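Throughout, read-outs are computed from the coordinates displayed, never taken from laboratory work. Every value quoted in this text rests on a predicted model; they were computed, and no experiment measured them. Backbone-built Cβ (ideal geometry, glycine too); neighbour counts: all protein chains shown.
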Amino acid sequence: MDVAWVRRQFPVTERMVFLNNAAESPLNLPVRRRLDEYLDRAAWSPDKRPPARHPIRPLLSRLLGGESDDYALVTSTGVGLGLAAAGYAWAPGDNVVVPAEEHWNNTFPWLALRARGVDVRLVQLEADQRLDPARVAARVDGRTRMVAVAAVRHLTGFRSDLRRLADIAHDRGALFVVDGVQAAGVVPLNVEEDGIDVLACAGFKWLLGMHGTGFVYVRKGVWDRIHPILPGMFAAEDNLHELRWLPNAQRYETGSLAYALFYAWTAGLEMILDIGVPAIHARVLGLTSRLIEGLRTRGLTVVTPAAHPEERSAIVTFTAVSPDANRAIHARLSDMSIGISLRAGQCRVSPAFYNNEEEIDRLLDALG
């Protein structure tokens with residue numbers, strides 16, 4: 001990976017040390033150029049604007065596996081997970097198994113099912129913030145219809161054992177639903193190898209898109225179990241007398257999208273494919289290893305489970321003596337143009353492949 005070239009594609013590197021990529025990816029130049037191209041066409045020849053829907057799906061398929069027909073375009077992770085939750089034919093007494101303290105997007109759609117008589121079973125984490133698949137298995141039974149987990153947990157960066165969790169779900173005939181927003185584009189993720197039935201993701205984090213872009217992957221064999229709930233003009237054949245769903249995942253799409261943003265997003269996906277997720281993953285593991293060692297040297301507590309490389313991602317969460325101390329750290333770093341996040345009263349750092357070792361050292365030096 002040519003890190004110097006990569007850094008030139010991200011103008012944010014000229015203004016600040018941005019280590020908050022788990023919140024959002026800063027706009028990069030290839031995406032900006034493609035966005036400007038679309039806007040120019042929309043201004044001068046709107047009848048000749050480039051297609052925005054169809055180029056995305058093959059790129060997602062190359063990056064994440066499956067067929068391009070398995071991908072529906074949506075605006076966010078929450079919409080994709082909401083389609084899966086609301087589109088299933090739940091019966092009173094059915095249950096869904098979800099780890100505790102997931103992101104809101106992988107919690108609220110399931111909690112809403114309680115109004116339909118569904119038992120929402122929350123699996124507690126270990127003391128070290130790891131998700132033990134054995135605990136998930138203990139909550140799954142013959143009435144479990146879905147097991148829904150984050151591929152990477154947003155609070156700590158813990159990376160779940162998706163294949164093992166998929167086997168637990170499938171052994172009981174349940175669907176395996178994954179929130180992939182903190183994983184896609186930065187850690188290895190493949191819908192077929194990982195046994196995923198539904199994968200929902202937004203584009204504005206590690207996939208180098210912008211807010212308003214996203215997708216939901218739905219495996220072909222699942223289309224008859226998750227019913228489209230908001231059919232629009234792109235979901236079915238052009239027949240105003242009979243509803244004939246399209247023979248692909250487009251049946252889950254509704255109306256118009258922010259076409260300019262989806263067209264621009266293709267450049268971000270192409271960059272990831274050109275560099276390769278394995279190279280990106282190796283890069284962020286090197287940066288986070290440097291960060292973890294430096295935090296421990298300074299006496300700070302690393303909250304992220306870091307003992308096993310296969311459980312790590314691009315997110316490292318740490319804490320000082322109290323939430324107030326963490327807020328003070330966050331404010332001091334912000335004043336020094338070093339961007340991190342506060343999540344649940346703790347400090348979360350998330351370097352991307354364009355960050356470098358000098359920026360990690362600047363953060364550590366600022367901590368004192």
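Key figures
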| quantity | calculated |
| --- | --- |
| Antiparallel %, DSSP beta bridges [both residues in the chain], to 5 | 50 percent |
| The chain - charge dipole about Cα centre, Lys and Arg +1 at Cβ, Asp and Glu -1, debye rounded to 20 | 440 debye |
| ³J(HN,Hα) computed for each position of segment 285-292 - Karplus, 6.51 cos²θ - 1.76 cosθ + 1.60, integer Hz, glycine/proline x | 5, x, 5, 6, 5, 4, 5, 4 |
| Residues whose placed amide H lies under 5 Å from that of THR304, excluding near-sequence neighbours | THR317 |
| Phi to ³J(HN,Hα) by Karplus 6.51 cos²θ - 1.76 cosθ + 1.60 over segment 314-325, Hz, x for Gly, Pro | 9, 10, 10, 10, 9, 9, 8, 7, 6, x, 5, 5 |
| Overall dimensions of segment 1-67 as given by Cα atoms, namely Rg and Dmax in Å | 15.6, 41 |
| Calculated from backbone phi, Karplus (6.51, -1.76, 1.60) coupling profile of segment 165-173 in Hz, x at Gly/Pro | 5, 4, 5, 4, 5, 5, 4, 9, x |
| Distant-in-sequence amide H partners of ALA150 (H built 1.01 Å from N, under 5 Å) | ASP179 |
| Kirkwood Rh and Cα Rg combined as Rg over Rh, evaluated for the chain | 0.98 |
| THR144 long-range amide H proximity, modeled H, under 5 Å | ASN95 |
